[in-house]
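Note sheet for the following structure.
FYI, it's all coordinate maths here, none of it is from the lab. Bear in mind the structure is a predicted one, so any value in this text is a computation, not a measurement. Because the Cβ atoms are built from the backbone with ideal geometry, glycine has one as well, and the counts that use them run over all protein chains shown.
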Amino acid sequence: MKEGGEISKDAPFSTRALRVTTSNETRHERPRTTSMRKRRYFEFARHTSFDAVSRSSALLFVVAVVSTVLGSACSASTSPARPAPETSAAQPAAPTADADFDPPSVRLAFFKGVRGDDAELERAEKACERTLARDPHYPEALVWHGAVLLVHASRSLQQGDNEHGSSLRSQGLRELDEGLGRKPNDVKTRAPHGVAMFSLAAEVPPAQARGLLAKGIDDYETAVRLHGDQFASLSFHSRTELLFGLADGWTKLGDEARARPYFVRLAREERDSEFGERANAWLDGKRNLGPRPACAKSCHMD
């Protein structure tokens, strides 16, 4: 630094750009005002090359941007949070998403368990229970857990433990109905609920079966409606499960007029399968068709 406030060309850039003083200034000078800073800048510009001014301006611009960003962040973090909007006490809270719950994975494990793989059935059950521990009203977890309980109930009843089996069945039905009630217009709740209703209807006396069949039919018809134009793109199992379930369900309830449209669709859309053959036989007047065509080994796995 030269006397009289001139800046030596050999001084470091940081010194030339950021510390321009005169011989009268001291370390205890009063804080500079904005106008004083401007005068210092223009005084600095008269003694500094264009290159130095450009670099200094760029540095000041970056510092200004960073300060603005940090200042905004600090303001946001220190400002009081907005109060959450009040919700009506009569309106139930929307179910929260659970990233750990994967319905297709649970479905796959469940049907493997129904086929006799106890480890897979337990895996499906534990997946539901982990989710229900965080959100006891999560719809998809409720319906699948309810379906698992019905499997346990059937096994307990077959082993002669009527008290435990009946308790499990009641709990399973409650969970199935609650899950469906919380999300009634979603295939992910309608489909497992319907499967459980049709399956249980085959295990109980006819008087009880009618109510279960009616629920299953409502589930399947809702699922068909929800799929809409995408129905043809479903897997073979999903299409035949829905159509044959509805045709067979209405037949068992004694309403052949409502069963006929579904047999017609099976005969037309699945004509090269056993389901199509069964449908044509029914349409030709044969009513003793026997049990539902057996599932292929992997029909629930696609």
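Using only the Cα atoms of the range 234-302, what semi-axes does the equivalent ellipsoid have when each is the square root of 5 times a gyration tensor eigenvalue? Give whole Å, largest first.
Semi-axes, largest first: 20, 12, 11 Å.
Can you compute the FRET efficiency between ALA202 and ARG225 using 1/(1 + (r/R0)^6), with r the Cβ-Cβ distance and R0 = 25 Å? Round to the nearest 0.05.
On the way: r = 25 Å, r/R0 = 0.99.
Taking R0 as 25 Å, the efficiency between ALA202 and ARG225 is 0.50.
Please give, to one decimal in nm, the separation of the simple spin-label points placed at ASP161 and SER273, each 7 Å out from Cα toward the Cβ.
If labels sit at ASP161 and SER273, their model points lie 3.7 nm apart.
Under a plain spin-label model, where a point goes 7 Å from the Cα along Cα-to-Cβ, how far apart in nm are LEU253 and ALA281?
2.4 nm
Please list, in chain and number order, the residues 5+ apart from TYR138 or on another chain whose amide H is under 5 Å from its amide H, with Hs placed from the backbone.
none
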